[in-house]
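Asker: Submitted below is the structure of interest, expressed as structure tokens.
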Amino acid sequence: DSLPMVVYSLAADTAATRTSFSGLPWMVHSLASRFGDYPFEKVGYVNTPQGSMEHQTMISFAEQISRSRDTVNHTGYHELAHQWFGDLVSPIDFRHAWLNESFATFCEALRSEDIAGYSGYLDYLGDLWNGYIRTSSQREGVLPLYDFPRASPSSNYPATIYEKGAVVVGLLRYQMGDEAFYKAMREYLRRFGFGVAETDSLRAVLQE
């Protein structure tokens with residue numbers, strides 16, 4: 001209740017931004033209830049001309065999304081999830097970048113679960129999988145999540161580690177069950193918090 005939350009915008013965008021971020025306290029609560037307390041001293045967003053990026057405590061956020069008045073705000077939730085997956089625990093190098101993007105994209109499906117129930121969660125993951133199969137894998141090729149090639153047609157941030165990765169995390173949740181899955185994720189974040197991790201770090205915690 002005492003966690004500061006601030007969102008900066010141009011004056012002309014204030015009303016739309018206020019609508020788009022009207023659910024922010026619930027978004028923070030949703031992630032904290034699953035993955036542990038919010039790890040930093042404040043939650044912050046600032047509208048920027050293009051692109052969204054999860055800077056610790058002050059997320060840059062594409063102004064056109066704020067202007068949309070979309071209260072579901074999957075992108076805002078994705079970047080907020082990075083405060084745990086990416087900012088609290090960072091991958092040791094680029095081979096493990098899926099530990100950031102796959103989990104943050106999986107959290108977008110959790111946003112749908114909060115709003116539309118488990119069927120909404122499954123629908124969101126299904127859309128990601130269909131997009132991966134029909135489009136991304138055709139464009140990039142079938143890539144691994146760990147140590148993916150970064151040369152064209154791939155990139156530093158191929159769609160694979162977002163779409164395919166989110167579905168893989170969903171499969172982990174299904175295989176383990178909610179109690180074990182969320183317990184393991186909280187332990188992973190606790191054990192490697194304010195430090196770095198790699199894929200085997202996560203694997204070891206999940207196997208425990």
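Asker: Look at the stretch 39-62 and say how many of its residues are more than 14 Å from the chain's Cα centre (by Cα), at pLDDT 95 or above, surrounded by fewer than 21 Cβ atoms within 10 Å (Cβ to Cβ) and over 21 Å from residue 185 (Cβ atoms).
Answerer: Looking only at that region, the number is 10.
Asker: Check 128, 145, 202 and return the single one that is of a type in the set (A, V, I, L, M) and outside any helix (DSSP H, G or I).
Answerer: Going through 128, 145, 202 in turn, just one is of a type in the set (A, V, I, L, M) and outside any helix (DSSP H, G or I): 145.
Asker: If you don't mind, another one. Do any residues in the stretch 180-208 that are more than 15 Å from residue 84 (Cα to Cα) have Cβ atoms under 7 Å from those of residues that are charged (D, E, K, R) and open to solvent by 80 Å² or more (accessible area, probe 1.4 Å), where the two are at least six apart or on different chains, and which pairs are they?
Answerer: Within 7 Å, the pairs are 205/191.
Asker: Evaluate the stretch 112-125: report whether one residue or more is assigned to a helix (DSSP H, G or I), touching a Phe, Trp or Tyr at 6+ places or on another chain (Cβ under 7 Å) and closer than 23 Å to residue 7 by Cα.
Answerer: Yes, that holds for at least one residue.
Asker: With the requirement that a residue be open to solvent by less than 40 Å² (accessible area, probe 1.4 Å), assigned to a loop (DSSP other than H, G, I, E, B) and not polar (S, T, N, Q), what does the stretch 73-99 give you?
Answerer: Residues satisfying the conditions are 82, 84, 86, 87, 88, 97.
Asker: Would you be able to say whether some residue in the stretch 70-92 is within 17 Å of residue 189 (Cα to Cα), in contact with a Ser or Thr (Cβ under 8 Å, 6 or more places away or on another chain), among the hydrophobic types (A, V, I, L, M, F, W, C) and at pLDDT 95 or above?
Answerer: Checking the stretch 70-92: not a single residue is within 17 Å of residue 189 (Cα to Cα), in contact with a Ser or Thr (Cβ under 8 Å, 6 or more places away or on another chain), among the hydrophobic types (A, V, I, L, M, F, W, C) and at pLDDT 95 or above.
Asker: Ok, one more. Tell me the residue from 182, 146, 157 that is of a type in the set (Phe, Trp, Tyr), farther than 30 Å from residue 26 by Cα and surrounded by fewer than 19 Cβ atoms within 10 Å (Cβ to Cβ), please.
Answerer: 146
Asker: Which members of the stretch 109-164 meet the condition of being more than 16 Å from residue 94 (Cβ to Cβ), free of Cβ contacts under 8 Å to residues at least 24 places away in the same chain and among the aliphatic types (A, V, I, L, M)?
Answerer: Residues satisfying the conditions are 116, 122, 133, 142.
Asker: Under the condition of being under 15 Å from residue 171 (Cα atoms) and hydroxyl-bearing (Ser, Thr, Tyr), which residue from the stretch 120-132 is most open to solvent (accessible area, probe 1.4 Å)?
Answerer: So the residue we want is 124.
Asker: Suppose we filter 2, 22 for residues that are open to solvent by 60 Å² or more (accessible area, probe 1.4 Å), hydroxyl-bearing (Ser, Thr, Tyr), within 30 Å of residue 183 (Cβ to Cβ) and without any contact (Cβ under 8 Å) to a residue 60 or more places away in the chain; which single one remains?
Answerer: 2
Asker: State which residue pairs qualify: first residue over 21 Å from residue 89 (Cβ atoms) and inside the stretch 52-76, second residue surrounded by 15 or more Cβ atoms within 10 Å (Cβ to Cβ) and charged (D, E, K, R) in any location, beta carbons under 7 Å apart, and separation of 6 or more residues or different chains.
Answerer: As it stands, the answer is 61/79; 63/13; 66/13; 67/13; 72/111; 74/108; 74/111, since those pairs meet every condition given.
Asker: If I filter the stretch 28-38 down to residues being out of contact with any strand residue (DSSP E or B) (no Cβ under 9 Å at 6 or more places or on another chain) and not in a loop (DSSP other than H, G, I, E, B), which single residue comes out as surrounded by the fewest Cβ atoms within 10 Å (Cβ to Cβ)?
Answerer: Checked the stretch 28-38; the qualifying residue surrounded by the fewest Cβ atoms within 10 Å (Cβ to Cβ) is 33.
Asker: Here is a list of conditions, (1) under 21 Å from residue 104 (Cβ atoms); (2) part of a helix (DSSP H, G or I), and residue 13 meets all of them except one; can you say which number that is?
Answerer: Result: residue 13 passes all but (1).
Asker: Considering the stretch 46-99 alone, what residues qualify as being of a type in the set (Phe, Trp, Tyr) and closer than 21 Å to residue 198 by Cα?
Answerer: Those that are of a type in the set (Phe, Trp, Tyr) and closer than 21 Å to residue 198 by Cα: 84, 85, 94, 98.
The values are calculated or read from the model by the stated rules, or taken from the named source; none is laboratory data. In this text the structure is predicted, and so the values were computed from the model without any measurement. In this analysis, Cβ positions are derived from the backbone assuming ideal geometry, glycine residues included, and neighbour counts consider all displayed protein chains. Calculation scope for accessible area: heavy atoms of the full protein, side chains included, ligands and nucleic acids excluded. Shrake-Rupley method; radii C 1.70, N 1.55, O 1.52, S 1.80 Å.
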